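Each reported figure results from applying straightforward, stated rules to the coordinates on display, with no laboratory input. Predicted model only: the values in this text are computed from it and were never measured. Using ideal geometry, Cβ is built from the backbone for each residue, glycine included, and neighbour counts are taken over all protein chains shown.
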Amino acid sequence: EKVIEVVKLKKYFKERNKNVLKAVDDISFTLYEGEVLGLIGESGCGKSTIARTIVGYYKPTEGKVLYKGQNIHQFNKKQLKNYTKEAQMIFQDPSNSLDPRMRIVDIVGEGIDIHRIASGDERLDRIYKVLNDVGLNRSLIYRFPHEFSGGQKQRISIARALALEPRFLICDEPISALDVSIRVQIVNLLKRLQKNYKLTYLFITHDLSTLKYIANRVAIMYRGSILEIATTEDIYRNPLHPYTKVLLSSIPIPDPDVEKNRYIEILGNRKFQKMSEGGCKFRGLCKYSKKICFEIEPCFNEIDSNHFVRCHLY
Ligand code: SF4
Ligand code: MG
């Protein structure tokens, strides 16, 4: 069953110099019930813009986001309120997403109150339950966010989301602001919760190794476009798009200089971004590029029912 359908979504921003930044440029995909769809790409490729458009913070320039077949940007007040309960988001930096003046009990209880999910003892029980489920002791509920570590704060923000019994979670780089030593714990926690709560995730990251562990399907994003989407197994065993191959070939890079060069190599530079319109977005960096790649943007081709790629080679 489809949870979210993103249809030909475009989100453009006008920059101060009047250039148009095409943060999301004609993207379509479906998020199915119970799956973890990974969305990966370098920083600035539009991942967070997609996330924010799906939860309704941004209005699309073109295209639409459907929930249960209905356009979320045309919801009335009541529908929108229900949707904000169903669609929860976990942000990169929990320090920014938790109000420092609120106690944990109120942070986690806030959504329960807004959506009138429970009151009195039932409310408190619910708060205890979600805190327990994310691995936090109930004795901590009267503390403030600054009394917790980064990993614990992320657990609190996950508890806050779970308290609403959402249908899906958008995790926008949920571990990249955390200490390396606790990242695995948080990913394990999210994985466990996804099973226990029967949740659906859109899991955004720039780290392929995390996706290998948590995602059922992976979408590869580059400069506002999805270039390849397939099951996680297919992406790792049979990557097709030249950009996917670059990403995969460079998972373990111990040398920071090599890492830096790779980054520049993949991202290109600002000048490249202002290159003329049309053609494949990866053409400037692709060693397989041919004439047609500079003239016509490839379509999203179906290789098999679960594997799509946007490249003239296929
Ligand atoms: Fe490379 Fe052409 Fe494929 Fe783009 S369409 S990835 S330039 S081969
Ligand atoms: Mg981002």
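Under a point-charge model restricted to the Cβ atoms of Lys and Arg (+1) and Asp and Glu (-1), what is the dipole moment magnitude of the stretch 81-173 relative to its Cα centre, in debye to the nearest 20? Spell out each step's value before the answer.
Details: 14 positive and 14 negative charges, 29 e Å.
Dipole magnitude for the stretch 81-173 comes out near 140 debye.
Given the options Phe168, Leu211, Tyr142, identify the residue whose Cα lies farthest towards the positive end of the charge dipole of the stretch 124-245 (+1 on Cβ of Lys, Arg; -1 on Cβ of Asp, Glu).
Tyr142
Give me the Kirkwood hydrodynamic radius of the stretch 156-200, using the inverse of the mean 1/r over all pairs of distinct Cα atoms, in Å to one decimal.
Numbers: mean 1/r = 0.0902 Å⁻¹.
Mean inverse Cα-Cα distance, inverted, gives 11.1 Å.
Testing the spin-label approximation: label points 7 Å from Cα along Cα→Cβ at Glu147 and Ala118. State their distance in nm.
Label at Glu147, label at Ala118, 2.2 nm between them.
Going down the list Lys11/Lys78; Lys68/Lys153; Lys22/Lys195; Lys47/Lys77, which pairs span over 29 Å between their C-alpha atoms?
Values: Lys11/Lys78 25 Å; Lys68/Lys153 32 Å; Lys22/Lys195 36 Å; Lys47/Lys77 27 Å.
Violating the 29 Å limit, Cα to Cα: Lys68/Lys153; Lys22/Lys195.
Looking at the chain, what % of its DSSP beta bridges pair antiparallel, to the nearest 5? Intermediate results must be reported in sequence, preceding the final value.
Details: 28 of 46 bridges.
Percent antiparallel among DSSP bridges in the chain is about 60.
If the viscosity is 1.567 mPa s and the temperature 4 °C, what Stokes-Einstein diffusion coefficient in µm²/s follows for the stretch 24-109 when Rh is the Kirkwood radius over Cα pairs?
86 µm²/s
Amide H to amide H under 5 Å from Met221: which residues, 5+ apart in sequence or cross-chain, H placed 1.01 Å off N in plane?
Ile40, Gly41, Leu227
Nearest 10 degrees, 0 to 90: what angle lies between the long axis of helix 150-162 and the longest principal axis of the chain (Cα atoms)?
The angle comes out at about 80 degrees.
If I histogram all Cα-Cα distances within the chain using bins 20 Å wide from 0, what percent of pairs lands in each bin?
Taking every Cα pair in the chain, the percentages come to 31, 56, 13, 0.
Could you tell me which residue out of Tyr58, Cys311, Ser28 lies farthest along the dipole of the chain toward its positive end? Charges go on the beta carbon: Lys and Arg +1, Asp and Glu -1, centred on the Cα centre.
Value computed over the given set: Tyr58.
Report, in degrees rounded to the nearest 10, the 0 to 90 angle that the Cα long axis of helix 104-114 makes with the longest principal axis of the chain.
Roughly 80 degrees between the two axes.
Give the angle, between 0 and 90 degrees and rounded to the nearest 10, that separates the Cα long axis of helix 77-86 from the longest principal axis of the Cα atoms of the chain.
90 degrees
Say each of Asn196 and Lys2 gets a label point 7 Å from the Cα, pointing the same way as Cα to Cβ; how far apart are those two points in nm?
3.3 nm
Dipole of the stretch 2-309, Cα-centred, from +1 at each Lys and Arg C-beta and -1 at each Asp and Glu C-beta, to the nearest 20 debye? Kindly include the intermediate steps, with their values, before the conclusion.
On the way: 49 positive and 36 negative charges, 148 e Å.
The dipole magnitude comes to about 720 debye.
HN-Hα J couplings of the stretch 119-124 from phi, Karplus 6.51/-1.76/1.60, θ = phi - 60°, integer Hz, Gly and Pro as x?
9, x, 4, 4, 4, 5
Can you compute the modelled spin-label distance between Asn19 and Tyr57, with each label point 7 Å from Cα toward Cβ, in nm?
Each label point lies 7 Å from its Cα, and together they span 2.3 nm.
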